[in-house]
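Undergrad: I am attaching a structure below and will ask some questions about it afterwards.
The values are calculated or read from the model by the stated rules, or taken from the named source; none is laboratory data. Worth saying up front: this structure is predicted, and the values here are computed from it rather than measured. FYI the Cβ positions are ideal-geometry reconstructions off the backbone, even for glycines, and counts take in every protein chain you see. In case anyone asks, the SASA skips ligands and DNA or RNA and just uses the protein heavy atoms, side chains included. Shrake-Rupley method; radii C 1.70, N 1.55, O 1.52, S 1.80 Å.
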Amino acid sequence: MINLNKARTKMPEQDPRARIRNFDEVAAGYTEEMAVREALRCLKCREHPCMTSGCPIHNNIPAFIEKITEGEFEAAYQILTETTSLPAVCGRVCPQYLQCEGKCVRGEKGRPVAIGALERFVADWHRHHAAEETEGAPGAASEGIEGTADKAVTDAKNSIKTAVIGSGPAGLACAGVLAEKGYAVTLFEKEEIAGGVLAYGIPKFRLPAEILEKELDSLVAAGVQIETGKELGKDFTLADLEARGFRGIFIGNGAGESMRLGIPGQELEGVLPAAAFLYDVNCRGIFPDAEHIAVIGGGNVAMDACRAAVRCPSAKKVTVVYRRSVAEMPADPAELAEAKAEGVEFLFLTAPVKVVGENGKVQGLQCQKMELTEPDASGRRKPVPVPGSEFVLDTDCIIEAIGSRSDNSCVDGVDTTDRGLIVTDPETGATTRPGVYAGGDTVTGPKTVIAAMGAGRKAAEAMDAYLGK
Ligand code: SF4
Ligand code: SF4
(Lines give C-alpha, C1' and ligand atoms only; values in the text may rest on other atoms or scores of the structure.)
(Ligands and ions follow the chains in the order given, each with its own letter.)
Protein backbone atom coordinates (compact mmCIF):
# COMPACT_ATOMS: atom_id res chain seq x y z
CA MET A 1 0.00 0.00 0.00
CA ILE A 2 1.62 3.24 -1.15
CA ASN A 3 1.73 6.20 1.21
CA LEU A 4 0.35 9.02 -0.96
CA ASN A 5 1.23 11.79 1.47
CA LYS A 6 2.98 14.58 -0.50
CA ALA A 7 4.96 15.60 2.57
CA ARG A 8 7.68 13.33 3.76
CA THR A 9 8.03 11.82 7.18
CA LYS A 10 9.78 14.38 9.34
CA MET A 11 12.88 13.32 11.19
CA PRO A 12 12.95 14.40 14.84
CA GLU A 13 15.68 16.93 15.60
CA GLN A 14 17.05 19.06 18.40
CA ASP A 15 15.43 22.44 18.92
CA PRO A 16 17.66 25.19 17.43
CA ARG A 17 17.92 27.05 20.76
CA ALA A 18 19.22 23.92 22.47
CA ARG A 19 21.44 22.58 19.70
CA ILE A 20 23.57 25.73 19.33
CA ARG A 21 24.92 24.94 22.78
CA ASN A 22 26.21 21.49 21.85
CA PHE A 23 27.84 19.50 19.07
CA ASP A 24 25.45 16.54 19.29
CA GLU A 25 23.87 15.40 16.06
CA VAL A 26 21.02 17.71 15.07
CA ALA A 27 18.76 15.08 13.47
CA ALA A 28 17.85 12.03 15.56
CA GLY A 29 17.09 9.63 12.68
CA TYR A 30 13.96 7.66 11.89
CA THR A 31 12.39 5.10 14.17
CA GLU A 32 11.45 1.78 12.52
CA GLU A 33 7.83 2.93 12.23
CA MET A 34 8.86 6.24 10.61
CA ALA A 35 11.21 4.48 8.19
CA VAL A 36 8.51 2.07 7.02
CA ARG A 37 6.03 4.93 6.64
CA GLU A 38 8.48 6.94 4.53
CA ALA A 39 9.57 3.89 2.52
CA LEU A 40 5.93 3.32 1.58
CA ARG A 41 6.02 6.63 -0.34
CA CYS A 42 8.27 4.99 -2.97
CA LEU A 43 6.41 4.17 -6.17
CA LYS A 44 8.94 1.47 -7.23
CA CYS A 45 9.14 3.23 -10.61
CA ARG A 46 10.09 1.02 -13.52
CA GLU A 47 12.68 3.55 -14.74
CA HIS A 48 13.84 4.44 -11.16
CA PRO A 49 15.70 7.64 -12.15
CA CYS A 50 16.78 8.05 -8.51
CA MET A 51 19.14 5.14 -9.09
CA THR A 52 20.02 5.37 -12.77
CA SER A 53 20.69 9.09 -13.12
CA GLY A 54 20.57 10.39 -9.53
CA CYS A 55 22.90 8.35 -7.35
CA PRO A 56 26.48 8.60 -8.67
CA ILE A 57 27.25 5.04 -7.55
CA HIS A 58 23.86 3.62 -8.59
CA ASN A 59 22.74 2.26 -5.25
CA ASN A 60 19.76 -0.03 -5.82
CA ILE A 61 17.37 2.45 -4.23
CA PRO A 62 13.97 0.86 -5.01
CA ALA A 63 15.21 -2.54 -3.86
CA PHE A 64 16.61 -1.39 -0.52
CA ILE A 65 13.52 0.74 0.12
CA GLU A 66 11.25 -2.19 -0.65
CA LYS A 67 13.07 -4.26 1.97
CA ILE A 68 12.38 -1.50 4.49
CA THR A 69 8.65 -1.68 3.72
CA GLU A 70 8.84 -5.41 4.51
CA GLY A 71 10.66 -4.75 7.79
CA GLU A 72 13.72 -6.57 6.38
CA PHE A 73 16.25 -3.97 7.52
CA GLU A 74 19.35 -6.19 7.43
CA ALA A 75 18.45 -7.29 3.89
CA ALA A 76 18.15 -3.61 2.96
CA TYR A 77 21.65 -3.05 4.36
CA GLN A 78 23.07 -5.94 2.36
CA ILE A 79 21.61 -4.45 -0.84
CA LEU A 80 23.18 -1.08 -0.08
CA THR A 81 26.62 -2.50 0.64
CA GLU A 82 26.75 -4.14 -2.77
CA THR A 83 27.57 -0.67 -4.10
CA THR A 84 28.49 1.59 -1.19
CA SER A 85 31.16 1.38 1.49
CA LEU A 86 29.87 4.13 3.75
CA PRO A 87 26.06 4.21 3.85
CA ALA A 88 25.88 5.76 7.34
CA VAL A 89 28.09 8.59 6.09
CA CYS A 90 26.42 9.08 2.69
CA GLY A 91 22.94 9.01 4.21
CA ARG A 92 24.01 11.98 6.31
CA VAL A 93 26.27 14.08 4.11
CA CYS A 94 25.42 13.44 0.45
CA PRO A 95 23.83 16.43 -1.30
CA GLN A 96 20.75 14.29 -1.99
CA TYR A 97 18.79 17.24 -3.41
CA LEU A 98 21.25 17.27 -6.32
CA GLN A 99 21.54 13.50 -6.65
CA CYS A 100 19.13 10.68 -5.79
CA GLU A 101 16.32 12.81 -4.35
CA GLY A 102 16.74 15.41 -7.08
CA LYS A 103 15.61 12.76 -9.59
CA CYS A 104 12.88 11.13 -7.50
CA VAL A 105 9.54 11.05 -9.29
CA ARG A 106 7.68 11.87 -6.07
CA GLY A 107 9.44 15.24 -6.16
CA GLU A 108 7.43 16.26 -9.23
CA LYS A 109 4.22 16.69 -7.21
CA GLY A 110 5.41 17.07 -3.66
CA ARG A 111 8.54 16.18 -1.74
CA PRO A 112 10.85 13.41 -2.97
CA VAL A 113 11.19 10.21 -0.99
CA ALA A 114 13.70 10.83 1.83
CA ILE A 115 16.24 8.43 0.33
CA GLY A 116 19.18 9.77 2.35
CA ALA A 117 17.29 9.50 5.63
CA LEU A 118 16.28 5.92 4.75
CA GLU A 119 19.86 4.99 3.85
CA ARG A 120 21.01 6.44 7.15
CA PHE A 121 18.29 4.51 9.00
CA VAL A 122 19.34 1.20 7.44
CA ALA A 123 23.04 1.78 8.17
CA ASP A 124 22.32 2.81 11.76
CA TRP A 125 19.99 -0.15 12.25
CA HIS A 126 22.73 -2.51 11.06
CA ARG A 127 25.33 -0.82 13.25
CA HIS A 128 23.22 -1.16 16.38
CA HIS A 129 22.14 -4.72 15.68
CA ALA A 130 25.48 -5.99 14.44
CA ALA A 131 27.32 -4.46 17.41
CA GLU A 132 27.48 -7.67 19.44
CA GLU A 133 29.04 -9.57 16.53
CA THR A 134 31.82 -7.05 15.93
CA GLU A 135 32.62 -6.24 19.56
CA GLY A 136 35.92 -7.79 20.49
CA ALA A 137 36.90 -8.30 16.87
CA PRO A 138 40.67 -8.55 16.51
CA GLY A 139 42.56 -5.33 16.03
CA ALA A 140 39.85 -2.84 17.10
CA ALA A 141 41.03 0.68 16.21
CA SER A 142 41.13 1.72 19.84
CA GLU A 143 43.95 -0.75 20.45
CA GLY A 144 46.27 1.55 18.56
CA ILE A 145 48.40 0.88 15.54
CA GLU A 146 51.97 1.00 16.76
CA GLY A 147 53.96 -2.17 16.43
CA THR A 148 51.44 -3.93 14.23
CA ALA A 149 53.24 -3.34 10.95
CA ASP A 150 53.16 -6.95 9.80
CA LYS A 151 49.69 -7.79 11.05
CA ALA A 152 47.93 -6.80 7.85
CA VAL A 153 50.23 -9.05 5.90
CA THR A 154 49.66 -12.09 8.13
CA ASP A 155 45.89 -11.52 8.26
CA ALA A 156 45.55 -11.14 4.53
CA LYS A 157 44.59 -14.04 2.30
CA ASN A 158 47.55 -13.27 0.09
CA SER A 159 50.81 -11.52 0.68
CA ILE A 160 50.54 -8.78 -1.91
CA LYS A 161 51.13 -5.49 -0.10
CA THR A 162 49.08 -2.47 -1.09
CA ALA A 163 49.25 1.08 0.25
CA VAL A 164 46.46 3.63 0.46
CA ILE A 165 47.50 7.23 1.06
CA GLY A 166 44.85 9.37 2.70
CA SER A 167 42.05 8.11 4.94
CA GLY A 168 39.20 10.26 3.62
CA PRO A 169 36.25 8.77 1.72
CA ALA A 170 38.29 7.75 -1.36
CA GLY A 171 40.98 6.06 0.73
CA LEU A 172 38.53 4.34 3.08
CA ALA A 173 36.50 2.97 0.18
CA CYS A 174 39.60 1.77 -1.68
CA ALA A 175 41.09 0.17 1.44
CA GLY A 176 37.79 -1.57 2.20
CA VAL A 177 37.53 -3.16 -1.24
CA LEU A 178 41.20 -4.19 -1.31
CA ALA A 179 40.89 -5.79 2.13
CA GLU A 180 37.73 -7.60 1.04
CA LYS A 181 39.67 -9.02 -1.89
CA GLY A 182 42.33 -10.32 0.46
CA TYR A 183 45.18 -7.88 -0.07
CA ALA A 184 47.42 -6.69 2.74
CA VAL A 185 46.47 -3.04 3.05
CA THR A 186 48.29 -0.27 4.88
CA LEU A 187 46.45 3.05 5.11
CA PHE A 188 48.66 6.12 5.63
CA GLU A 189 47.17 9.32 7.08
CA LYS A 190 49.18 12.51 7.57
CA GLU A 191 47.10 13.77 10.50
CA GLU A 192 47.09 12.11 13.93
CA ILE A 193 43.41 11.23 13.45
CA ALA A 194 42.20 8.96 10.64
CA GLY A 195 39.17 9.81 8.53
CA GLY A 196 40.38 12.75 6.45
CA VAL A 197 37.69 15.29 5.69
CA LEU A 198 35.11 13.07 7.41
CA ALA A 199 36.99 13.56 10.70
CA TYR A 200 38.16 17.14 10.51
CA GLY A 201 36.02 18.82 7.86
CA ILE A 202 32.46 17.80 8.72
CA PRO A 203 31.18 18.97 12.12
CA LYS A 204 30.06 16.37 14.64
CA PHE A 205 26.50 17.75 14.64
CA ARG A 206 26.24 16.48 11.03
CA LEU A 207 28.44 13.40 11.28
CA PRO A 208 28.96 12.07 14.82
CA ALA A 209 32.41 10.70 15.64
CA GLU A 210 31.05 7.23 16.44
CA ILE A 211 29.91 6.73 12.83
CA LEU A 212 33.41 7.20 11.50
CA GLU A 213 34.95 5.23 14.36
CA LYS A 214 32.80 2.24 13.47
CA GLU A 215 33.88 2.46 9.82
CA LEU A 216 37.52 2.56 10.89
CA ASP A 217 36.98 -0.29 13.36
CA SER A 218 35.53 -2.48 10.65
CA LEU A 219 38.45 -1.74 8.33
CA VAL A 220 40.90 -2.68 11.07
CA ALA A 221 38.89 -5.82 11.82
CA ALA A 222 39.19 -6.68 8.12
CA GLY A 223 42.98 -6.54 8.49
CA VAL A 224 43.74 -2.99 7.32
CA GLN A 225 46.77 -1.49 9.05
CA ILE A 226 46.30 2.24 9.76
CA GLU A 227 49.35 4.44 10.22
CA THR A 228 48.53 7.99 11.30
CA GLY A 229 50.99 10.90 11.40
CA LYS A 230 52.64 9.66 8.17
CA GLU A 231 52.75 12.20 5.37
CA LEU A 232 53.60 11.57 1.73
CA GLY A 233 56.54 13.72 0.66
CA LYS A 234 57.63 14.28 4.26
CA ASP A 235 57.80 10.90 5.99
CA PHE A 236 57.95 8.73 2.86
CA THR A 237 57.83 8.87 -0.92
CA LEU A 238 56.18 6.62 -3.50
CA ALA A 239 59.64 5.23 -4.28
CA ASP A 240 60.07 4.33 -0.58
CA LEU A 241 56.79 2.43 -0.61
CA GLU A 242 57.79 0.55 -3.74
CA ALA A 243 61.14 -0.32 -2.14
CA ARG A 244 59.23 -1.63 0.90
CA GLY A 245 57.38 -4.04 -1.38
CA PHE A 246 54.07 -2.27 -1.90
CA ARG A 247 52.99 -3.40 -5.36
CA GLY A 248 49.81 -1.36 -5.62
CA ILE A 249 49.45 2.19 -4.30
CA PHE A 250 46.35 4.38 -4.19
CA ILE A 251 46.57 8.13 -3.60
CA GLY A 252 43.45 9.73 -2.13
CA ASN A 253 44.94 12.72 -0.38
CA GLY A 254 41.98 15.01 -1.04
CA ALA A 255 41.90 18.75 -1.54
CA GLY A 256 42.49 20.10 1.93
CA GLU A 257 44.33 23.32 1.16
CA SER A 258 41.98 26.27 1.81
CA MET A 259 42.04 29.05 -0.78
CA ARG A 260 42.91 32.44 0.67
CA LEU A 261 40.99 35.69 0.17
CA GLY A 262 43.91 37.53 -1.36
CA ILE A 263 42.91 40.87 0.21
CA PRO A 264 44.98 43.26 2.36
CA GLY A 265 45.07 42.26 6.03
CA GLN A 266 44.48 38.53 5.53
CA GLU A 267 47.67 37.85 7.52
CA LEU A 268 46.20 39.40 10.69
CA GLU A 269 45.60 37.28 13.77
CA GLY A 270 41.97 36.18 13.70
CA VAL A 271 41.79 35.35 9.98
CA LEU A 272 41.39 31.57 9.72
CA PRO A 273 41.17 29.27 6.69
CA ALA A 274 37.98 27.18 7.07
CA ALA A 275 39.95 23.91 7.06
CA ALA A 276 42.08 25.03 10.02
CA PHE A 277 39.05 26.36 11.94
CA LEU A 278 37.04 23.17 11.39
CA TYR A 279 40.02 20.95 12.26
CA ASP A 280 40.53 22.78 15.56
CA VAL A 281 36.84 22.65 16.46
CA ASN A 282 36.20 19.06 15.33
CA CYS A 283 39.39 17.32 16.37
CA ARG A 284 40.94 19.42 19.12
CA GLY A 285 38.01 21.15 20.77
CA ILE A 286 39.74 24.51 20.27
CA PHE A 287 37.52 27.52 19.57
CA PRO A 288 38.44 31.06 18.57
CA ASP A 289 37.97 33.56 21.41
CA ALA A 290 35.75 35.83 19.35
CA GLU A 291 32.34 37.49 19.76
CA HIS A 292 31.46 38.32 16.18
CA ILE A 293 32.58 35.78 13.63
CA ALA A 294 32.33 36.50 9.90
CA VAL A 295 32.36 33.59 7.45
CA ILE A 296 33.19 34.37 3.82
CA GLY A 297 31.67 32.09 1.19
CA GLY A 298 28.42 30.50 0.05
CA GLY A 299 29.15 26.79 -0.28
CA ASN A 300 28.68 23.83 2.01
CA VAL A 301 32.00 24.43 3.78
CA ALA A 302 30.78 27.95 4.61
CA MET A 303 27.60 26.41 6.04
CA ASP A 304 29.61 23.94 8.15
CA ALA A 305 31.86 26.79 9.31
CA CYS A 306 29.05 29.19 10.25
CA ARG A 307 27.08 26.48 12.04
CA ALA A 308 30.20 25.44 13.96
CA ALA A 309 30.89 29.13 14.68
CA VAL A 310 27.48 29.72 16.34
CA ARG A 311 28.38 26.86 18.70
CA CYS A 312 31.66 28.53 19.79
CA PRO A 313 31.30 29.40 23.48
CA SER A 314 32.28 33.09 23.06
CA ALA A 315 30.28 33.74 19.86
CA LYS A 316 27.45 36.30 20.13
CA LYS A 317 26.90 36.88 16.43
CA VAL A 318 27.85 35.00 13.25
CA THR A 319 27.51 36.60 9.83
CA VAL A 320 27.99 34.94 6.45
CA VAL A 321 29.28 37.27 3.73
CA TYR A 322 28.54 36.12 0.17
CA ARG A 323 29.11 38.12 -2.97
CA ARG A 324 26.19 36.80 -5.00
CA SER A 325 22.50 36.46 -4.10
CA VAL A 326 20.85 33.56 -2.31
CA ALA A 327 19.68 32.21 -5.69
CA GLU A 328 23.29 31.60 -6.78
CA MET A 329 24.41 30.10 -3.49
CA PRO A 330 25.90 26.64 -4.07
CA ALA A 331 25.16 25.44 -0.51
CA ASP A 332 22.55 22.77 0.16
CA PRO A 333 19.26 24.69 0.79
CA ALA A 334 18.61 22.45 3.80
CA GLU A 335 21.94 23.51 5.34
CA LEU A 336 21.11 27.15 4.66
CA ALA A 337 17.75 26.73 6.41
CA GLU A 338 19.44 25.01 9.38
CA ALA A 339 21.98 27.84 9.64
CA LYS A 340 19.23 30.47 9.60
CA ALA A 341 17.27 28.55 12.25
CA GLU A 342 20.40 28.58 14.40
CA GLY A 343 20.61 32.38 14.23
CA VAL A 344 23.31 32.85 11.57
CA GLU A 345 22.88 36.17 9.75
CA PHE A 346 23.52 36.55 6.01
CA LEU A 347 24.89 39.46 4.01
CA PHE A 348 24.21 38.63 0.36
CA LEU A 349 25.60 40.61 -2.57
CA THR A 350 28.50 41.65 -0.36
CA ALA A 351 32.20 41.17 -1.06
CA PRO A 352 35.14 41.52 1.34
CA VAL A 353 37.65 44.20 0.34
CA LYS A 354 40.08 44.50 3.22
CA VAL A 355 40.62 43.13 6.72
CA VAL A 356 40.76 45.99 9.21
CA GLY A 357 43.06 45.46 12.20
CA GLU A 358 44.81 46.95 15.16
CA ASN A 359 47.90 45.64 16.99
CA GLY A 360 48.08 42.78 14.53
CA LYS A 361 44.53 41.54 15.27
CA VAL A 362 41.31 41.62 13.30
CA GLN A 363 38.94 44.44 14.21
CA GLY A 364 36.61 44.50 11.23
CA LEU A 365 36.01 43.57 7.64
CA GLN A 366 35.70 46.28 5.02
CA CYS A 367 33.04 45.18 2.56
CA GLN A 368 31.45 46.41 -0.61
CA LYS A 369 27.90 45.87 -1.82
CA MET A 370 27.61 44.10 -5.18
CA GLU A 371 24.99 43.84 -7.89
CA LEU A 372 24.54 41.17 -10.54
CA THR A 373 24.97 41.82 -14.25
CA GLU A 374 22.55 40.47 -16.83
CA PRO A 375 23.22 36.76 -17.56
CA ASP A 376 26.18 36.13 -19.91
CA ALA A 377 26.23 33.52 -22.70
CA SER A 378 26.55 30.74 -20.13
CA GLY A 379 23.59 32.15 -18.18
CA ARG A 380 25.76 33.17 -15.23
CA ARG A 381 25.29 36.59 -13.66
CA LYS A 382 28.48 38.27 -12.58
CA PRO A 383 28.73 40.28 -9.33
CA VAL A 384 30.08 43.83 -9.83
CA PRO A 385 30.73 46.47 -7.15
CA VAL A 386 28.15 49.16 -6.38
CA PRO A 387 30.11 52.45 -6.33
CA GLY A 388 30.28 54.21 -2.96
CA SER A 389 28.76 51.27 -1.06
CA GLU A 390 31.69 50.34 1.16
CA PHE A 391 31.14 49.75 4.87
CA VAL A 392 32.96 48.05 7.74
CA LEU A 393 31.48 44.94 9.34
CA ASP A 394 32.31 44.72 13.03
CA THR A 395 34.10 41.38 13.53
CA ASP A 396 36.98 39.94 15.52
CA CYS A 397 37.34 36.65 13.62
CA ILE A 398 37.10 35.95 9.89
CA ILE A 399 36.81 32.45 8.45
CA GLU A 400 37.71 32.01 4.79
CA ALA A 401 35.45 29.38 3.18
CA ILE A 402 35.87 30.23 -0.49
CA GLY A 403 37.14 26.89 -1.76
CA SER A 404 40.00 24.46 -1.49
CA ARG A 405 42.55 22.78 -3.70
CA SER A 406 44.98 19.87 -3.76
CA ASP A 407 48.66 20.22 -3.10
CA ASN A 408 50.40 17.42 -4.97
CA SER A 409 53.91 18.85 -4.85
CA CYS A 410 54.55 15.97 -2.42
CA VAL A 411 53.85 13.27 -5.03
CA ASP A 412 56.97 11.94 -6.75
CA GLY A 413 57.06 10.69 -10.31
CA VAL A 414 53.39 11.17 -11.15
CA ASP A 415 52.09 13.62 -13.76
CA THR A 416 49.87 16.44 -12.52
CA THR A 417 47.84 19.09 -14.34
CA ASP A 418 48.69 22.78 -14.26
CA ARG A 419 46.12 23.04 -11.43
CA GLY A 420 48.14 20.49 -9.45
CA LEU A 421 45.60 17.67 -9.87
CA ILE A 422 46.88 14.13 -10.45
CA VAL A 423 46.46 12.90 -14.02
CA THR A 424 44.67 9.54 -14.22
CA ASP A 425 42.96 7.24 -16.67
CA PRO A 426 39.27 8.08 -16.02
CA GLU A 427 38.28 4.43 -16.46
CA THR A 428 40.71 2.96 -13.96
CA GLY A 429 42.24 5.71 -11.85
CA ALA A 430 45.72 4.63 -13.03
CA THR A 431 48.30 7.41 -12.85
CA THR A 432 51.30 7.77 -15.14
CA ARG A 433 53.41 5.76 -12.68
CA PRO A 434 52.88 1.98 -13.04
CA GLY A 435 51.09 0.44 -10.07
CA VAL A 436 50.06 3.82 -8.69
CA TYR A 437 46.38 4.85 -8.76
CA ALA A 438 44.57 7.95 -7.56
CA GLY A 439 41.00 9.12 -7.07
CA GLY A 440 38.73 11.62 -5.38
CA ASP A 441 39.34 15.34 -4.92
CA THR A 442 43.06 15.00 -5.64
CA VAL A 443 42.10 14.09 -9.23
CA THR A 444 38.88 16.06 -9.77
CA GLY A 445 39.24 19.02 -7.41
CA PRO A 446 36.68 19.38 -4.60
CA LYS A 447 33.59 17.23 -5.21
CA THR A 448 31.30 15.19 -2.98
CA VAL A 449 32.04 12.44 -0.47
CA ILE A 450 30.12 9.97 -2.62
CA ALA A 451 32.10 10.86 -5.75
CA ALA A 452 35.37 10.30 -3.87
CA MET A 453 34.11 7.04 -2.45
CA GLY A 454 33.07 5.84 -5.90
CA ALA A 455 36.51 6.71 -7.28
CA GLY A 456 38.19 4.78 -4.47
CA ARG A 457 36.10 1.68 -5.14
CA LYS A 458 36.68 1.88 -8.89
CA ALA A 459 40.44 2.21 -8.45
CA ALA A 460 40.50 -0.77 -6.08
CA GLU A 461 38.85 -2.92 -8.75
CA ALA A 462 41.40 -1.74 -11.32
CA MET A 463 44.27 -2.39 -8.90
CA ASP A 464 42.95 -5.90 -8.39
CA ALA A 465 42.99 -6.49 -12.15
CA TYR A 466 46.49 -4.98 -12.43
CA LEU A 467 47.89 -7.07 -9.62
CA GLY A 468 46.74 -10.18 -11.44
CA LYS A 469 44.53 -11.90 -8.94
FE1 SF4 B 1 21.59 9.16 -2.43
FE2 SF4 B 1 24.14 9.46 -1.72
FE3 SF4 B 1 22.82 7.28 -1.02
FE4 SF4 B 1 23.44 7.65 -3.59
S5 SF4 B 1 24.88 7.34 -1.89
S6 SF4 B 1 21.47 6.94 -2.77
S7 SF4 B 1 23.26 9.88 -3.74
S8 SF4 B 1 22.38 9.34 -0.32
FE1 SF4 C 1 11.00 5.41 -5.47
FE2 SF4 C 1 11.48 7.98 -6.11
FE3 SF4 C 1 13.12 6.08 -6.97
FE4 SF4 C 1 10.63 6.23 -7.96
S5 SF4 C 1 12.25 7.73 -8.25
S6 SF4 C 1 11.75 4.36 -7.34
S7 SF4 C 1 9.53 6.95 -6.15
S8 SF4 C 1 12.74 6.64 -4.80
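Undergrad: Taking region 420-468 only, how many residues are free of Cβ contacts under 8 Å to residues at least 40 places away in the same chain and in contact with a strand residue (DSSP E or B) (Cβ under 8 Å, 6 or more places away or on another chain)? Outline the logic, then answer.
TA: Let us first name the residues in region 420-468 that are free of Cβ contacts under 8 Å to residues at least 40 places away in the same chain, namely 420-421, 423-428, 430, 432, 434, 443-444, 447, 458, 462, 465, 468.
Still in the running and in contact with a strand residue (DSSP E or B) (Cβ under 8 Å, 6 or more places away or on another chain): 420, 423-424, 428, 430, 443, 462.
Number satisfying all stated conditions: 7.
Undergrad: Scan region 385-405 residue by residue and report those that are under 32 Å from the mean Cα position of the chain (by Cα), farther than 22 Å from Gly445 by Cβ and open to solvent by 40 Å² or more (accessible area, probe 1.4 Å).
TA: As a first pass, look at region 385-405 and keep what is under 32 Å from the mean Cα position of the chain (by Cα): 393-405.
Imposing the further condition that a residue be farther than 22 Å from Gly445 by Cβ reduces the set to 393-398.
Listed by number, the residues that qualify are Asp394, Asp396.
Undergrad: Check region 73-81 and report whether any residue there is closer than 29 Å to Lys447 by Cβ, free of Cβ contacts under 8 Å to residues at least 24 places away in the same chain, within 13 Å of ligand 2 (Cβ to nearest atom) and open to solvent by 20 Å² or more (accessible area, probe 1.4 Å). Talk me through it step by step, then tell me what you get.
TA: Within region 73-81, the subset closer than 29 Å to Lys447 by Cβ is 76-81.
Next, only the ones that are free of Cβ contacts under 8 Å to residues at least 24 places away in the same chain stay: 78-79, 81.
Applying the additional criterion that residues be within 13 Å of ligand 2 (Cβ to nearest atom) yields none.
The answer is no; no qualifying residue exists.
Undergrad: On to the next question. Among Thr69, Thr84, which is within 13 Å of ligand 2 (Cβ to nearest atom), among the hydroxyl-bearing types (Ser, Thr, Tyr) and crowded, with 20+ Cβ neighbours inside 10 Å? Reasoning before the result, please.
TA: Details: Thr84 fails: within 13 Å of ligand 2 (Cβ to nearest atom).
None of the other options fit; the residue is Thr69.
Undergrad: Just name the residue that is farthest from ligand 1 (Cβ to nearest atom) out of those in region 61-86 that are farther than 15 Å from Ile450 by Cα and in a loop (DSSP other than H, G, I, E, B).
TA: That would be Gly71.
Undergrad: Check region 44-58 and report whether any residue there is in contact with a Leu (Cβ under 6 Å, 6 or more places away or on another chain) and within 12 Å of ligand 1 (Cβ to nearest atom). Before you say what the answer is, go through the steps one by one.
TA: Residues of region 44-58 that are in contact with a Leu (Cβ under 6 Å, 6 or more places away or on another chain), as a first pass: none.
Scanning region 44-58, I find no residue that is in contact with a Leu (Cβ under 6 Å, 6 or more places away or on another chain) and within 12 Å of ligand 1 (Cβ to nearest atom), so the answer is no.
Undergrad: Out of region 178-234, which residues are assigned to a loop (DSSP other than H, G, I, E, B) and among the basic types (Lys, Arg)? Spell out how you get there, then give the answer.
TA: Looking only at region 178-234, we keep the residues that are assigned to a loop (DSSP other than H, G, I, E, B), and these are 181-183, 190-196, 201-208, 222-224, 229-231, 233-234.
Once the filter is applied, which keeps residues that are assigned to a loop (DSSP other than H, G, I, E, B) and among the basic types (Lys, Arg), region 178-234 yields Lys181, Lys190, Lys204, Arg206, Lys230, Lys234.
Undergrad: In this structure, does Glu47 turn out to be in a loop (DSSP other than H, G, I, E, B), acidic (Asp, Glu), within 15 Å of ligand 2 (Cβ to nearest atom) and open to solvent by 40 Å² or more (accessible area, probe 1.4 Å)? Give the derivation first.
TA: Values: in a loop (DSSP other than H, G, I, E, B): yes; acidic (Asp, Glu): yes; within 15 Å of ligand 2 (Cβ to nearest atom): yes; open to solvent by 40 Å² or more (accessible area, probe 1.4 Å): yes.
For Glu47, the condition - in a loop (DSSP other than H, G, I, E, B), acidic (Asp, Glu), within 15 Å of ligand 2 (Cβ to nearest atom) and open to solvent by 40 Å² or more (accessible area, probe 1.4 Å) - is met.
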